[in-house]
1. If I take the Cα coordinates of the stretch 71-148 and project them onto the principal axes, what are the three extents in Å, biggest first?
2. Quick one: if you take sqrt(5λ) for each eigenvalue of the C-alpha gyration tensor of the chain, what semi-axes come out, biggest first, whole angstrom?
3. Per q in 0.16, 0.30 Å⁻¹, report the Debye log10 I(q)/I(0) for the stretch 15-55, using one uniform scatterer on each alpha carbon and no solvent.
4. Within the stretch 40-128, what whole-number % of the accessible surface is contributed by carbon and sulfur, with the 1.4 Å probe and all protein chains included in the calculation?
5. Using a simple charge model, +1 on the beta-carbon of Lys and Arg, -1 on the beta-carbon of Asp and Glu, nothing else, what dipole does the chain show about its Cα centre, in debye to the nearest 20?
6. Answer with one residue from Ile63, Gln39, Ile95: the one whose Cα lies farthest towards the positive end of the charge dipole of the stretch 16-147, charges on Cβ with Lys, Arg +1 and Asp, Glu -1.
7. So in the chain, what percent of DSSP beta bridges are antiparallel if you round to the nearest 5?
Amino acid sequence: MKKWKNHSLLKKVFSVEGLKIAIEYFEEKGHEVVAVVPQFRSRKNLSTDPELLRDLNLKGKVIFSPAKNIHGFTLSSYDDLLIMQVAEKNQGVIISNDNFADLLGQNIQWDTIIGTRVVGFTWFKDQFFLPLDPYGRDGPRIDDILYQ
């Protein structure tokens, strides 16, 4: 019996292996993929595998939201803003369980992205799942969103 990991958001440490599985899921379907990750996740004890995370970054599959260390304090940029910028500039779909409600009303293009191109996900064992109807029964189907 195969041992699997819990990649769910309930886990206290960021699952780099889960991120890799999600990236591979989309690449296997022919999508160009980039994940935006806060830079602090590359530090020891703040993710399950900082070395793998750095490797994904070097391969261009992960970009880090910038951070600065000033007088011993880490100041991290807000990764949600960078996610929106990347999605807007590249006509991308955002795969996230964040609803980005705090960004509504800041930018009309972002409002459109939040309302039509943010898709949640879930895990079962090491399997990554997207809902077929991310905007409900009467909304667009996942293939309509991913292949527009």
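1. The Cα atoms of the stretch 71-148 stretch 50, 36, 21 Å along the principal axes, largest first.
2. The three semi-axes for the chain are 25, 22, 14 Å.
3. Once normalised to I(0) and log-transformed, intensities are -0.40, -1.03.
4. Values: 2910 of 5490 Å².
Carbon and sulfur: 53 percent of the exposed surface of the stretch 40-128.
5. On the way: 19 positive and 19 negative charges, 147 e Å.
Here the size comes out at about 700 debye.
6. My answer, from the dipole projection, is Gln39.
7. On the way: 7 of 14 bridges.
Just about 50 percent of them are antiparallel.
The values are calculated or read from the model by the stated rules, or taken from the named source; none is laboratory data. Note that this is a predicted model, so its numbers are computed, not measured. Heads up, the Cβs are rebuilt from the backbone with ideal geometry, glycines too, and the neighbour counts pull from every protein chain shown. These area figures cover heavy atoms from the full protein model, side chains too; ligands, DNA and RNA do not enter into them. Shrake-Rupley method; radii C 1.70, N 1.55, O 1.52, S 1.80 Å.
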